[in-house]
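The values are calculated or read from the model by the stated rules, or taken from the named source; none is laboratory data. All values derive from a computational prediction rather than experimental measurement. Because the Cβ atoms are built from the backbone with ideal geometry, glycine has one as well, and the counts that use them run over all protein chains shown. Remember, those area values only see protein heavy atoms, side chains included, never the ligands or the DNA or RNA. Shrake-Rupley method; radii C 1.70, N 1.55, O 1.52, S 1.80 Å.
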Amino acid sequence: MNVLARRRMTVLVGLDVGTTGVKAVAITPDGAVVARAQEEYPLATPRPGWAEQDPEDWWRASEGALAALDARDVAGIGLSGQMHGLVALDAGERVLRPAILWNDQRTAAECAEIEERVGLERLIALTGNRALPGFTAPKILWLRKNEPEIYERIAHVLLPKDYVRLRLTGRRAIDVADASGTLLFDVAGRRWSEEVLEALELPADWLPPALESPVVSGETADGVPVAAGAGDQAAGALGVGVDRPGPLSVVLGTSGVVFAVLPSFAADPQARVHAFCHAVPGTWHAMGVMLSAAGSLRWFRDAFAPEEDYASLVAEAESWPPGAEGAVFLPYLAGERSPHADPGARGAFTGLSLRHDRGALARAVLEGVAYGLRDSLELLAGLGLRPEVGRVSGGGARSELWLRIAASIVGIPLERTAVEEGAAYGAALLAGVAGEVFDDVHEAVRACVGVRDVVEPDPAWERVYAAGYERFRALYPALRPLEVDGAADRS
């Protein structure tokens, strides 16, 4: 590598096209953040269960965030963003309708149709996943059935960050990690699946070229290379140094994620965890997702202590011992994905007594979320993974108590990294490879990602939580018949 080139090109930019806004960061080749910017945009919910956005809002926000960085000597730009969203374009690359997002729930019938057309076992073998409403393919089928005049005009299909790429470079492309979340991708083969496309009667020429994440996908008008990038979870995992088999990425955000790199493609036979291509060429990842992690604590605060801040609630929880004297919280407030692909699942408190107060319930919430993370870890163990450490991120990672609880329940140390900027930071690392600042993704991670501190499991707490986890696991099958709304959803 040319040393002079490294010195001359000193800034790497990551751009993350999220659900609520765009986040941009500029970092130096040693990982220091020198600038950050954020621009928000609205979310439309025109009907119950629908979620849409105007792709033009993403582009305006991206332009604003990049301008606000005011970065000089940019070696490369990396892209990340919300996965699964459908951007339908006509032959002139004009947007045909608002984008349908990852959290849109309108496509239950189309999911059943996909599993019937392809066959559930074959679908999982090819794509690593079963058909869920969040994925892209059911959205396309929904358009075919419900908006045929729009469907007939489709010439191109993109995902959210890839629309921003189109506006930034004039090129249509996608990365293999994000393409894995469309349900149209042969994940093991790292290419579009001719078999799935044929079964669903969808044209292959609608889909953009699928590139490895650090590959140059195009250039800006100023000649800056733009990396293919990655979906938000893969980019976020890179940002905390999960670039190879070994450490886990554990996200304690609104949702909870347990993410591990696989040396070769492997899918859970029941698709209780997702299997996608990773942002590192030649690797894959398995990912368990719980829908209400830190979101559970936010719900609890809003419902029972709207006048309190989170620190006060956690302090109340800390006054109770591990296990909260038998109180258990089931965190299925918005249904669940791993290990139960059940949108009708519901939350619950059990084991309550007259002694339990608000602090006990808050402790049960913290523990219930950690039990949910362990569910995903157990599923990963079924794929042969035995991680020895987790890299933790998200808002919940700021709580020492919650990390001590989580470490003791999942049974491994949890590390916090020196810099936490989420998916935008991982995208910036990919920019460094595209801009030839780093030879590969591993070098980028070694140069930029460092550990700040470690929270170890508490042996005494581990013994309590081993029994608590068994009670937690028994709750879902016991309560499922009593879930009136859930039963209606499943009928």
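If you filter segment 44-100 for trypsin sites (Lys or Arg not before Pro), then keep DSSP loop positions with at most 15 other Cβ within 10 Å, what is left?
Passing both the DSSP loop test and the Cβ count: R72, R94.
Before I look further, what does segment 334-407 give for accessible area per residue, probe 1.4 Å, in whole square angstrom?
Here the per-residue accessible area is 37 Å².
Leaving out ligands, DNA and RNA, what percent of the accessible area of the chain is carbon and sulfur, probe 1.4 Å?
Reported share for carbon and sulfur atoms: 51 percent.
Ranking request for peptides 342-352, 44-54: highest mean number of other beta-carbon atoms within 10 Å first, then the rest in descending order.
342-352, 44-54
What do you reckon, how do L143, L120, L482 stack up by accessible area (1.4 Å probe), largest on top?
L482, L120, L143
Among S296, A271, T283, whose Cα sits farthest toward the positive end of the charge dipole of segment 183-325 (+1 at Cβ of Lys/Arg, -1 at Cβ of Asp/Glu, about the Cα centre)?
The Cα lying farthest towards the positive end belongs to T283.
Quick one: compute the contact order of the chain, relative version, from alpha carbon pairs under 8 angstrom and 6+ residues apart, as a percent.
With pairs under 8 Å counted, the relative contact order is 17 percent.
Using the Cα centre as the reference, give the magnitude of the dipole from point charges on the C-beta atoms of the chain (Lys, Arg: +1; Asp, Glu: -1; all else neutral), rounded to the nearest 20 debye.
380 debye
Grab the DSSP H runs of the chain that are 4 residues or longer, score each as -39,500 (n - 2.57), total them, divide by all residues and round the 222 nm result to the nearest 500 deg cm²/dmol.
Roughly -11500 deg cm²/dmol at 222 nm, from the helical runs in the chain.
Let me know the charge dipole size of segment 1-137 about its Cα centre in debye, to the nearest 20, where only the beta-carbon of Lys, Arg (+1) and Asp, Glu (-1) is charged.
My answer is approximately 480 debye.
At 1.4 Å probe size, what's the solvent-accessible area of H340? Round to the nearest 10 Å².
About 40 Å², rounded to the nearest 10.
Please report the relative contact order for segment 301-368, taking Cα pairs under 8 Å with a sequence separation of at least 6, and give it as a percent rounded to a whole number.
Contact order relative to length: 41 percent.
Below 8 Å, C-alpha to C-alpha, sequence gap of six or more: please give me the relative contact order for segment 140-207 in percent.
Dividing the mean separation by the residue count of segment 140-207 yields 25 percent.
Where does each of S255, S213 land when they are ordered by accessible area, with a 1.4 Å probe and the largest first?
These residues rank, largest area first, as S255, S213.
Cα gyration tensor of segment 348-491, axes a ≥ b ≥ c as square roots of the eigenvalues: rounded (a/c below 1.5), prolate (a/b > b/c) or oblate?
Note, shape of segment 348-491 comes out prolate.
³J(HN,Hα) across segment 394-405 via Karplus (A = 6.51, B = -1.76, C = 1.60, θ = phi - 60°), whole Hz, x for Gly/Pro?
Per-residue couplings from phi come out as x, x, x, 5, 7, 8, 5, 4, 5, 5, 5, 4 Hz.
Just read off the accessible area of D309 with the full protein assembly in place, 1.4 Å probe, to the nearest 10 Å².
80 Å²
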